[in-house]
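**Student:** Input: one structure, supplied below.
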Amino acid sequence: MLSILKKEITSYLSSLVAYVTIGVFLLVLGLFLWVFPASSILDYGYAGLDSLFSTAPYLFMFLIPAITMRSLAEERREGTFELLLTRPLTDLQIVLGKYFACLTIVLFALLPTLVYYYSVYTLGSPQGNVDTGGVIGSYIGLFLLGAGFCAIGLFASSISKNQIIAFTIAVFLCFFFYSGFDSLGQLLSLQNVGLENLGITQHYDSVSRGVLDTRDLTYFITLAGLFICLTLLMLLLQRQKSIRNSTLLRALGVLLLLSVISSITFTRFDFTKEKRFTISKVSQGIMDSLKSHVRVIVYLQGDGFPPNMKRLERATRDMLSDLQAYSHEKLEFDFVDPIAAIKKMPDNEQKAEFDSLRVRGIVGQQYSTKTDNGVTQMLIFPEALVQFNGMDIPVNLLQSRIGLPEEEVYNNSIQNLEYAFSSAIKKITSGGRPIVAFTEGDHELNDRQLNDAMKSLSEGFQIARINLKTIPFSVLMRVKLLVIPKPDSAFTELEKFKIDQYVMRGGRVLWAIDQVNAELDTMQAHGNDQMSFPKHLELDDQLFTYGIRINYDLIADLNCAQIPIVTGNAGGQPQIQMIPWLYYPIFMPLSKNPIVKNLDGIKGEFASSIDTIAVKGIKKTILLSSSPYNKKLSAPHIISLQAIEQEPNPKEFQNPPKTVAVLLEGKFKSDFLDRPVPEGLKEHVEPLAESKPTKMVVISDGDILKNDISEDGAPQSLGYDHYMRQNFGNKNLLLNIADYMIDDSGLIALRAKEVQIRLLDRARLRNEKLYWQLLNNIVPLALLLTFAIFQHYIRKRKYAH
């Protein structure tokens, strides 16, 4: 076999056709990757070779048939194949020798593309900021693809003595196995057959990311082995030899056994630096436990997407493919272009379709992108819909955040994909939904003010309202999360005892407490002034025991929301202007805790500061703080809208950030230690002195959970400011708190996943673009030409005498 291998390589590299073929391949590849804007690495802006591994397969469809077409066809046409059979060589050794020779030539053609890696490595910001492991894994995928195409080309060469016919057949078969099964799978009658698994695309896309799945490896081995067996079969049939008891049957049996083993068990090797395609054990468990089919429809697809959007689309597809790998084929997903689909509908149906998507949580948003002709507006749908047994849960793919660069927004969104999909799938497929209860009876926020909070939570939890004065303790213990939303009257000892013993038995509590009485509506209705005074909720001792003190003060912050103020009259019409209102601070989450990681700004109203108390065994994590440009006003204090007219003195607003939200975790001491059970308890509750390991969140602003009410009385979305017409992160904060507090599987920890941004140096790109385009188009060709001259010189010297 080695002699055949050496003969084929020497013969091929001694011909002009070889260098012309490889040269054309490198030239076309260089133009696609470095010149043409649609696929250019320079225009894409990221330090990676994704374009290489998405473009090369289509060029392989022509390069590899050009390499393999002469392997057997020329031998048979010139009658030299019979001479090979006179040697002490078996048919298998001849075929494998030619096969590995063709594969070696393919590797030889890929060697000059390492110049592309050098360019991306050099242009990285900072230099060297490229995922080398991921690139190596992707090259492995390209090698496996080449191995499959070489086997197909060798089979085509065995069919005909004419090289052109062999080339044509090989191109057709390569294209069919790469894309044909995907096209067939789109037919209505074949959509549920799973034909895509027989095609190359699905397996190559998986490996080309830098992840080697043993099932994908087995697929390429089986594909190459099958066509090598077919090549042997053609040779036997052409010589009219029997195939019984031959090596061919044994080889087919081994391939079949390998496929069966691969379908039963598999493992994956993630070559990427951050292991970004390694699915967590938690997500694996969720996928493994699926009882029936879950379908995900992704609406993030369309033409003309900018690079960031394309990257998010590809990352979404990758994530769903990774989750699907552990789902035992129970997870299905489709990418849909909603704009293209809606445009095909009659005009009178288009609005109804948009409304239908909006009802299901798929809301389009305008996106501005810079082009050579200026700024272009486009409507995008960065959302997905998880469907199960007639139920839908929307998934937001784009995690926007005020003030962050666009690259970081998209990177944060990619980091959040595993959590977003795994969480949604778990919620929609879980049998019994945990109970989240909001307290009432102490003048808490009413149902209209909590409308969107309860509606949003209802997608994954059962929602209830309970009165702590009357609810039996045994019923309270069925609640997984107790939310205390902005009470306005004092708690009785009985209520406090129930909360305390609920915590002692492992209950979780979200305290959203206003310590100071101040309301903008009250000020506007009563002469623009209000005396803010402390509330007496009688919770100070209990919170102090748990490790928290909410102060009787208000935080004025220069980083704040705006409110409309009448600034004058013109022609009898009031002139309204949006003015910053210092008592509506916007809290920018800086903590890496998964509850607030990558959240947008949180809008508050009349928040107080929080002090943490040193309590043994309690871990405290600050979730939200004011900006450094704040001032604390102790209650009682007169708040006046007229103060807006005065420009705040910046020197008065330079103070350390004030804490407004804290996560407490650990074993809490009872506030009723060595105290009698309060009167009025109608059932026996054995007081516990110390809690089980549990957790609670304390927020010194109850309005964070309150949605605005429009002028017509309709509740707005939580976190939406109808004056500023802007969404804040309040809703996601609540959802994250609920997930963190209730789910002990560790799913929320997936929000801590980090994916490094790898950008190209834009300054160098602007100044050196032409240089790098010429380098990556000329140097590979120059290396090929140098080798050709050197090889010709060596061969000439060898055969000169």
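The values are calculated or read from the model by the stated rules, or taken from the named source; none is laboratory data. Predicted model, so just to flag it, every value in this text is computed and none were measured. Counting neighbours? That spans all protein chains shown, and the Cβs are built from the backbone with ideal geometry, glycine included. These area figures cover heavy atoms from the full protein model, side chains too; ligands, DNA and RNA do not enter into them. Shrake-Rupley method; radii C 1.70, N 1.55, O 1.52, S 1.80 Å.
**Student:** Please determine whether any residue of the stretch 290-303 is surrounded by 21 or more Cβ atoms within 10 Å (Cβ to Cβ), at pLDDT below 85 and within 17 Å of E418 (Cα to Cα).
**Tutor:** Checking the stretch 290-303: not a single residue is surrounded by 21 or more Cβ atoms within 10 Å (Cβ to Cβ), at pLDDT below 85 and within 17 Å of E418 (Cα to Cα).
**Student:** I need every pair where a residue in the stretch 699-726 that is open to solvent by 10 Å² or more (accessible area, probe 1.4 Å) has its Cβ under 7 Å from the Cβ of a residue that is β-branched (V, I, T), sequence separation at least 6 or different chains.
**Tutor:** P715/I709; Q716/I709; Y723/I563
**Student:** Let me ask something else. Out of the residues in the stretch 727-748 meeting the condition of being over 21 Å from V503 (Cβ atoms) and among the aliphatic types (A, V, I, L, M), tell me which one is modelled with the highest pLDDT.
**Tutor:** Looking at residues that are over 21 Å from V503 (Cβ atoms) and among the aliphatic types (A, V, I, L, M), I get L733.
**Student:** Of all residues in the stretch 406-463 being open to solvent by 60 Å² or more (accessible area, probe 1.4 Å), part of a helix (DSSP H, G or I) and closer than 30 Å to Y326 by Cβ, which is modelled with the lowest pLDDT?
**Tutor:** It comes out as E408.
**Student:** Name, by its number, the condition in (1) modelled with pLDDT of 90 or more; (2) over 31 Å from the mean Cα position of the chain (by Cα) that does not hold for S138.
**Tutor:** (2)
**Student:** Could you list, in sequence order, the residues of the stretch 464-480 that are assigned to a loop (DSSP other than H, G, I, E, B), loosely packed, with under 15 Cβ neighbours inside 10 Å and in contact (Cβ under 8 Å) with a residue 40 or more places away in the chain?
**Tutor:** P472, R478
**Student:** Given T278, T376, which one is farther than 19 Å from E196 by Cβ, at pLDDT below 80 and not acidic (D, E)?
**Tutor:** Sole residue among the options that is farther than 19 Å from E196 by Cβ, at pLDDT below 80 and not acidic (D, E): T376.
**Student:** Among the residues of the stretch 638-670, what is the count of those that are part of a strand (DSSP E or B) and open to solvent by 30 Å² or more (accessible area, probe 1.4 Å)? If you could, list the steps in order and put the result at the bottom.
**Tutor:** The initial filter retains those residues of the stretch 638-670 that are part of a strand (DSSP E or B), namely 638-640, 659-666, 669.
Going one step further and asking which of them are open to solvent by 30 Å² or more (accessible area, probe 1.4 Å), we end up with 638, 665, 669.
Going through the stretch 638-670 one residue at a time, the tally reaches 3.
**Student:** Can you tell me which residue among N559, N569 is of a type outside the set (D, E, K, R), more than 23 Å from N446 (Cβ to Cβ) and modelled with pLDDT under 90?
**Tutor:** Matching residue, one of N559, N569: N569.
**Student:** Same structure, new question: Return the pair list, or none, for Cβ contacts closer than 7 Å from residues in the stretch 626-646 that are more than 19 Å from D701 (Cα to Cα) and touching a residue at least 40 places away in the same chain (Cβ under 8 Å) to residues that are among the aliphatic types (A, V, I, L, M) and not in a strand (DSSP E or B), at least 6 apart or on different chains.
**Tutor:** L641/M523
**Student:** Right, here's the next one. Which residue out of D500, D514 is touching a residue at least 24 places away in the same chain (Cβ under 8 Å) and either in a loop (DSSP other than H, G, I, E, B) or hydroxyl-bearing (S, T, Y) (or both)?
**Tutor:** It is D514.
**Student:** Out of all the residues in the stretch 741-785, which are open to solvent by less than 30 Å² (accessible area, probe 1.4 Å) and assigned to a helix (DSSP H, G or I)?
**Tutor:** Result: M741, I742, L747, I748, L750, R751, L765, W772, N776, N777, P780, L784.
**Student:** Continuing with this model, one more query. Could you please give the count of residues in the stretch 708-722 that are in a loop (DSSP other than H, G, I, E, B) and closer than 11 Å to K603 by Cβ?
**Tutor:** Count: 3.
**Student:** Next up: What are the residues in the stretch 684-707 that are among the basic types (K, R) and not in a loop (DSSP other than H, G, I, E, B), if any?
**Tutor:** K695
**Student:** Ok, one more. Any chance you could count how many residues in the stretch 22-46 are under 18 Å from A66 (Cβ atoms), surrounded by fewer than 20 Cβ atoms within 10 Å (Cβ to Cβ) and in contact (Cβ under 8 Å) with a residue 40 or more places away in the chain?
**Tutor:** The number of residues fulfilling the criteria is 2.
**Student:** Okay, moving on. So which residues in the stretch 786-799 are open to solvent by less than 100 Å² (accessible area, probe 1.4 Å) and in contact (Cβ under 8 Å) with a residue 60 or more places away in the chain, if there are any at all?
**Tutor:** A788, Q791
**Student:** Continuing with the same structure: Mind checking whether some residue in the stretch 481-504 is within 30 Å of L323 (Cβ to Cβ), crowded, with 18+ Cβ neighbours inside 10 Å and not aliphatic (A, V, I, L, M)? Give the steps one after another, and end with the answer.
**Tutor:** Within the stretch 481-504, the first condition is being within 30 Å of L323 (Cβ to Cβ), and the residues that meet it are 481.
Checking which are crowded, with 18+ Cβ neighbours inside 10 Å leaves us with 481.
Of the ones still in play, those that are also not aliphatic (A, V, I, L, M) are none.
The answer is no, given that none of the residues of the stretch 481-504 is within 30 Å of L323 (Cβ to Cβ), crowded, with 18+ Cβ neighbours inside 10 Å and not aliphatic (A, V, I, L, M).
**Student:** Here's another thing I want to ask about it. Can you confirm whether Q575 is touching a Ser or Thr at 6+ places or on another chain (Cβ under 6 Å) and either modelled with pLDDT under 85 or among the hydroxyl-bearing types (S, T, Y) (or both)?
**Tutor:** Working: touching a Ser or Thr at 6+ places or on another chain (Cβ under 6 Å): yes; either modelled with pLDDT under 85 or among the hydroxyl-bearing types (S, T, Y) (or both): yes.
Considered against the rule, which asks whether it is touching a Ser or Thr at 6+ places or on another chain (Cβ under 6 Å) and either modelled with pLDDT under 85 or among the hydroxyl-bearing types (S, T, Y) (or both), Q575 comes out as yes.
**Student:** Looking at (1) more than 15 Å from E383 (Cβ to Cβ); (2) in contact with a strand residue (DSSP E or B) (Cβ under 6 Å, 6 or more places away or on another chain), can you tell me which one D318 breaks?
**Tutor:** (2)
**Student:** Right, another one. Of the residues that sit in the stretch 588-637 and are part of a loop (DSSP other than H, G, I, E, B), surrounded by fewer than 16 Cβ atoms within 10 Å (Cβ to Cβ) and not hydrophobic (A, V, I, L, M, F, W, C), which one is nearest to the chain's Cα centre (by Cα)?
**Tutor:** Once the filter is applied, the top-ranked residue is K592.
**Student:** If you check every pair at least six apart or on different chains, which have Cβ atoms under 7 Å apart with a residue in the stretch 288-313 that is farther than 25 Å from E329 by Cα first and a residue that is in a loop (DSSP other than H, G, I, E, B) and of a type outside the set (V, I, T) second?
**Tutor:** G302/D337; P307/G45
**Student:** Only one of (1) surrounded by 22 or more Cβ atoms within 10 Å (Cβ to Cβ); (2) touching a helix residue (DSSP H, G or I) at 6+ places or on another chain (Cβ under 6 Å); (3) assigned to a strand (DSSP E or B); (4) among the hydrophobic types (A, V, I, L, M, F, W, C) fails for L554. Which number is that?
**Tutor:** (2)
**Student:** Given the structure, is L735 open to solvent by less than 90 Å² (accessible area, probe 1.4 Å), assigned to a helix (DSSP H, G or I), closer than 23 Å to F461 by Cα and out of contact with any strand residue (DSSP E or B) (no Cβ under 9 Å at 6 or more places or on another chain)?
**Tutor:** yes
**Student:** Tell me which residues, restricted to the stretch 246-303, are in a loop (DSSP other than H, G, I, E, B) and aromatic (F, W, Y).
**Tutor:** F266, F271, F277, Y299
**Student:** Another question, then. Among the numbered criteria (1) open to solvent by less than 20 Å² (accessible area, probe 1.4 Å); (2) closer than 30 Å to I380 by Cβ; (3) in contact with a helix residue (DSSP H, G or I) (Cβ under 7 Å, 6 or more places away or on another chain), which single criterion is violated by L235?
**Tutor:** It fails just one condition, (2).
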